[in-house]
Amino acid sequence: MLDAAFFRHWLTSAAALVDREAQRLTELDSPIGDADHGSNLQRGFAAVVATLEKDAPATPGAVLTLAGRQLISTVGGASGPLYGTLLRRTGKALGDAPEVSEQEFADALRAGVDAVSALGGAAHGDKTMLDALVPAVDALSESFDAARAAADEGALATTPLQARKGRASYLGERSIGHQDPGATSSALLFDALAQTAEAGRG
Amino acid sequence: MKMLINVAETVVADALRGMAAAHPDLTIDVDNRVIVRRDAPVEGKVALVSGGGSGHEPLHGGFVGPGMLSAACPGEVFTSPVPDQMVRAAAAVDSGAGVLFVVKNYTGDVLNFDMAAELAEDEGIQVAKVLVNDDVAVTDSLYTAGRRGTGATLYVEKIAGAAADEGQPLERVEAIARRVNENARSFGVALSACSTPAKGSPTFDLPSGELELGVGIHGEPGRERRPMMTSSEIADYAVDVVLGDLQPRNPVLVLVNGMGATPLLELYGFNAEVQRVLAERGVVVAHTLVGNYVTSLDMAGASVTLCQVDEELLRLWNAPVRTAGLRWGI
């Protein structure tokens, strides 16, 4: 079972990974976006860590809901509302339970991913964060490790695609050949998740 | 890349502190990033709130003041502001007559303003939204995020702002804003890329002998790249693209807008060519504005916006305005 501490660890590891990879995310965002994805997420996740330390929510649902709200309040751009919605909706789907099973988490995360898709009007294959999120959620029922691998693979698979959503869409065919920064940061979330699970199991 | 900054993280806050010192007509909340006209809320008047990424100055903070915006929310550089800023701005300027959000069509701006509208309505503030999407360089809207909002934003904010100042109700101000957007089209060209403070180097690679036709205000590419053209050739291309989409029967307002690093000497020269093409095409010009209004940091280049106006829109355009970036009649 997964408790509030597990989710706090997840988000703290995610913040550390985003911090480490911020420059790379911004570099990826430079040819097809506006060169700020790394710095924006860095600012948002740092705020998430700070607020989780201050408020220490007691349930998995509360941790994720609070983190999502914090991302919406600090990131800006498209990634703020999208990542914020992902975590907030996942948290809401988990309800008030003090502990959740891995399957319950997988189901809740799917609700979060569906909400992201609805908010951004994008689907798998549009060269967005969903290209990592959708396969990762599909694989999550199997294991955290499988989800990490699926997210990585999904992010890499965005390279040959033509963007249809967000600022990269204005490039048209010229977006082909660049890995999507949003899918890349989404893969970091699943990397952090797998790391957290590994650490928890000793 | 040399920039006149301290560190990238404080660029926006530093600029807001400097703006506050230069413009005592404005109340600037540096911590929360909200720029408000000092006399807000104005009793009985619809409030206009806009915002977007920083790096497009004077848009939007430079357009706050009597006759135009009531408040503006600057985001990080090229990053939309967050809903908290917009709600705070709406609460600061709402007199009970409602608030119009002027939103440029970028995914981030749209999502954040949508969330802000919901939150503001929860607080009892009546909110309407107008989406600005004037950039004709974006052709295939089905497969993109849709047309971008660029130069027409200035016209929407000025003309709807004048309608609000006259005391017109929210539905009316919103309808006028929509009408301005529907009658305005833009097209931009870049001669060089811009450099964001976070990246510290040009955000895209534009060889010195080429220009990007149809560029967006974040350096997003447009239609095509060509070997460098003359001012006259660029004017022919840009005006014809705009007129291909907007066939004005009425007079037009013309905005020849600099992207940030093109001197007025070049902009005025370019405007001469734009006026020549318009005359050749039989388009009547009611008013022309030349300068840096909707910029893209240090990008070299220009955009042309045409806005077809009827008598009412022209009257509202000519109405007094007093902001840092646009000022006449007061």
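No lab work stands behind these numbers, since they all come straight from the coordinates. None of these values were measured; they are calculated from a predicted model. Quick reminder, even Gly has a Cβ in these numbers, built from the backbone with ideal geometry, and neighbours come from all protein chains shown.
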Practice problem: Report the semi-axes of the equivalent ellipsoid for segment A:1-89 in whole Å, largest first, where each axis is √(5λ) for an eigenvalue λ of the Cα gyration tensor. | Solution: 24, 13, 10
Exercise. With springs only between Cα atoms under 10 Å apart, run a GNM on chain B and tell me which of B:Ser50, B:Ser231, B:Ser303 wobbles the most.
Key: B:Ser231
Quiz item: What is chain B by shape, rounded, prolate or oblate, if you read a ≥ b ≥ c off the alpha carbon gyration tensor as root eigenvalues and call it rounded for a/c under 1.5, prolate for a/b larger than b/c, and oblate otherwise?
Solution: oblate
Practice problem: Return B:Asp245, B:Asp122 ranked ascending by Cβ neighbour count within 10 Å, so the fewest neighbours appear first. | Solution: B:Asp122, B:Asp245
Self-check item: With Cα atoms, 0 to 90° folded angle of helix A:4-32 axis to chain A main axis
Solution: 10 degrees
Self-check item: Shielding of B:69-80 by partner chains, average beta-carbon count, 10 Å
Solution: 4
Quiz item: Which ordering of B:Trp317, B:Trp328 is given by a fewest-first count of other beta-carbon atoms within 10 Å?
Solution: B:Trp328, B:Trp317
Exercise. Specify whether the C-alpha gyration tensor of chain A places it in the rounded, prolate or oblate class, a ≥ b ≥ c being the square roots of the eigenvalues: rounded for a/c under 1.5, otherwise prolate if a/b is larger than b/c and oblate if not.
Key: prolate
Practice problem: Determine the shielding of peptide B:211-219 by partner chains: average, over its residues, the number of Cβ atoms on other chains within 10 angstrom of each Cβ. | Solution: 2
Self-check item: Flagged links, alpha-carbon separation over 25 Å, of B:Lys129/B:Lys158; A:Lys165/B:Lys129; A:Lys54/A:Lys127
Solution: A:Lys54/A:Lys127
Exercise. Would you order B:Leu119, B:Leu253, B:Leu278 from fewest to most other beta-carbon atoms within 10 Å of each residue's own beta-carbon?
Key: B:Leu119, B:Leu278, B:Leu253
Quiz item: Is segment B:182-330 best put as rounded, prolate or oblate by its Cα gyration tensor, with a ≥ b ≥ c the root eigenvalues, rounded for a/c under 1.5, and otherwise prolate when a/b is larger than b/c, oblate when not?
Solution: oblate
Quiz item: What is the mean number of Cβ atoms from other protein chains located within 10 Å of the Cβ atom of each residue in peptide A:67-80, rounded to a whole number?
Solution: 6
Quiz item: If you take the Cα Rg of the protein assembly as shown and divide it by 2.2 N^0.38 Å, with N the number of residues, what do you get?
Solution: 0.97
Self-check item: Degrees separating the helix A:60-74 axis from the principal Cα axis of chain A, which is the longest one
Solution: 40 degrees
Quiz item: Which GluC sites (Glu not before Pro) does segment B:75-124 hold that lie in a coil by DSSP with at most 12 other beta carbons within 10 Å?
Solution: B:Glu123
